[in-house]
Amino acid sequence: MIHDFLGTPDGESPYYVDPVFDAAGNLYGTTYQGGSQDGGSVFQLANSGGGWKETILYSFAGSDGLYPESGVILDAAGNVYGTTSSGGMYGNGSVYKLTPSGGGWTLTTLYDFPNASNDGSNPIAPLLLDSAGNLYGTASAAGPAGFGTVFELSPSGGGWTYTVLYSFPADGYPQGNLVMDSAGSLYGVAGGCGSYKDGCVWKLTRSGNGWSFTDLYNFTGRGDGSFPVGGPAFDTKGDLYGTTLYGGLQSAAYPHGCGVEWELTP
């Protein structure tokens, strides 16, 4: 154990957080609640004198975002990027950037998800940063059909341009992280999509000025699993791995199964 969260002022209840390290070995993450404003926080843990020293980079208060459920990512300059699942200008979540500034950190909101939006709402997953500085992520709800979107935020003229790459037509609810292959295609999962409504693994490929959606696998809710929540990961051969929340072996005690670890091979 390297740190105990105390609620206020540092934070409480880290959710789907994969801690990340910078080049100096400092660790970054988020808490869902707590912080000085009780809306969640972004923290850093620095290895210092054989122990770890915590610094709160930012505490969310509401209009700037609330309840970050996933962790953060870093760029080469040491800036921190993440999402909040609610709050922001419209209450539907936000994408933010934290920049080191004068011994502290400055928050910039890159995007606020609007009400009744075709853009999506309530982002839960962490972001993905490509080599050109574009950010990719998923919104777990809303969009044209109401079941979530995949989006891109691109630096543009000193600001950021938001683009919906794909909108799930039915029972999507993407909540997990995205991964990108060497060709720039995106891969992810969604918990309720597919032929059986038990989730799917999908791929988005650049096509002209847009993106083409490919359904790679539909979970049946039986031995292969059901409701993938966390996003996939690649191995060195290009195979995809992930987990499902339910499905797999069933018993009287666990009629819906306890989940599986899956592999998807090209």
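The values are calculated or read from the model by the stated rules, or taken from the named source; none is laboratory data. Quick caveat, the model's predicted, so the values are computed rather than measured. Glycine gets a Cβ as well: all are built from the backbone with ideal geometry, and neighbour counts include every protein chain shown.
Conditions (1) surrounded by 13 or more Cβ atoms within 10 Å (Cβ to Cβ); (2) within 17 Å of Phe151 (Cα to Cα); (3) of a type in the set (A, V, I, L, M, F, W, C), marked per residue:
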| residue | (1), (2), (3) |
| --- | --- |
| Gln175 | yes, yes, no |
| Ser182 | no, no, no |
| Ala190 | yes, yes, yes |
| Tyr217 | yes, no, no |
| Thr243 | yes, no, no |
| Ala252 | no, no, yes |
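So which residues in the stretch 101-130 are outside any loop (DSSP other than H, G, I, E, B), at pLDDT 95 or above and over 17 Å from Ala141 (Cβ atoms), if there are any at all?
Within the stretch 101-130, Trp105, Thr106, Leu107, Thr108, Thr109, Leu110, Leu128, Leu129 qualify.
How many residues are in a loop (DSSP other than H, G, I, E, B), free of Cβ contacts under 8 Å to residues at least 40 places away in the same chain and within 18 Å of Leu204 (Cα to Cα) if we restrict to the stretch 146-170? So that I can check it myself, show each step before the final result.
Just the residues of the stretch 146-170 that are in a loop (DSSP other than H, G, I, E, B), to begin with: 146, 148, 157-158, 168-170.
Then keep just the ones that are free of Cβ contacts under 8 Å to residues at least 40 places away in the same chain; that gives 146, 157-158, 168-170.
Restricting the remaining residues to those that are within 18 Å of Leu204 (Cα to Cα) gives 168-170.
Adding up the residues that qualify gives 3.
Conditions tested, residue by residue: (1) surrounded by fewer than 17 Cβ atoms within 10 Å (Cβ to Cβ); (2) acidic (Asp, Glu); (3) modelled with pLDDT under 90.
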site	(1), (2), (3)
His3	yes, no, yes
Gly35	no, no, no
Trp52	yes, no, no
Asp64	no, yes, no
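Would you check if Ser140 is touching a strand residue (DSSP E or B) at 6+ places or on another chain (Cβ under 9 Å), of a type in the set (Ser, Thr, Tyr) and free of Cβ contacts under 8 Å to residues at least 24 places away in the same chain? Break it down stepwise before answering.
Working: touching a strand residue (DSSP E or B) at 6+ places or on another chain (Cβ under 9 Å): yes; of a type in the set (Ser, Thr, Tyr): yes; free of Cβ contacts under 8 Å to residues at least 24 places away in the same chain: no.
No.
Condition first: free of Cβ contacts under 8 Å to residues at least 60 places away in the same chain, out of contact with any Ser or Thr (no Cβ under 6 Å at 6 or more places or on another chain) and under 24 Å from Ser121 (Cα atoms). Can you find one or more residues in the stretch 214-221 that meet it?
Checking the stretch 214-221: at least one residue is free of Cβ contacts under 8 Å to residues at least 60 places away in the same chain, out of contact with any Ser or Thr (no Cβ under 6 Å at 6 or more places or on another chain) and under 24 Å from Ser121 (Cα atoms).
From the residues in the stretch 134-150 that are among the hydrophobic types (A, V, I, L, M, F, W, C) and farther than 17 Å from Val72 by Cα, which one is surrounded by the fewest Cβ atoms within 10 Å (Cβ to Cβ)?
Ala145
Count, please, the residues in the stretch 238-266 that happen to be touching a strand residue (DSSP E or B) at 6+ places or on another chain (Cβ under 6 Å), assigned to a loop (DSSP other than H, G, I, E, B) and aliphatic (A, V, I, L, M).
Total satisfying the criteria: 0.
Would you please name the residue that is surrounded by the most Cβ atoms within 10 Å (Cβ to Cβ), looking only at residues in the stretch 8-32 that are in contact with a Ser or Thr (Cβ under 9 Å, 6 or more places away or on another chain) and on the phi > 0 side of the Ramachandran plot?
Gly11
Any idea which of (1) surrounded by fewer than 23 Cβ atoms within 10 Å (Cβ to Cβ); (2) closer than 29 Å to Pro19 by Cβ; (3) aliphatic (A, V, I, L, M); (4) under 16 Å from the mean Cα position of the chain (by Cα) is the one Val164 doesn't satisfy?
Answer for Val164: the failing condition is (2).
Based on this model, can you work out whether Tyr81 counts as hydroxyl-bearing (Ser, Thr, Tyr), within 25 Å of Gly210 (Cβ to Cβ) and not assigned by TED's automatic domain parsing to the domain that holds Asn209?
On the way: hydroxyl-bearing (Ser, Thr, Tyr): yes; within 25 Å of Gly210 (Cβ to Cβ): yes; not assigned by TED's automatic domain parsing to the domain that holds Asn209: yes.
Yes, satisfied.
Check whether at least one residue in the stretch 68-81 is at pLDDT 95 or above and aromatic (Phe, Trp, Tyr), and report yes or no.
yes
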